Amino acid sequence: MTDPGSSCSKPSRIPLQAPSLDAERGRGLAIVEALSRNRWGSYRVPPEGLRLVWCHLDLNPTPAQVEELFRSPI
């Protein structure tokens, strides 16, 4: 998935936003961070200048890892 993102040219973290309950945006990266257990990042894709976000997901999470997802504040 890509979007215009920030103007950083090297891989960098995108700050998470703290959306209100009625916000229509701002939850996507919090969900990515929780599901990937903080194993994600992003970089610019030249020449389009888009931002690409990547993450590592567990194929077979342990029961403890699944439990942790439900305790994470998203």
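Computed from the coordinates by the stated procedures, all read-outs in this text should not be read as laboratory data. Quick caveat: nothing in here was measured; it's all calculated off a predicted structure. With ideal geometry, Cβ positions are generated from the backbone for all residues, glycine too; neighbour counts draw on all protein chains shown.
Below is a table of values for the structure above.
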| read-out | value |
| --- | --- |
| Extended-chain gain in nm, criterion 0.36 nm per residue less alpha-carbon gap, residue 36 and residue 24 | 2.1 nm |
| Sequence ranges 48-57, 28-37, 62-71, ranked by mean other-Cβ count within 10 angstrom, highest first | 28-37, 48-57, 62-71 |
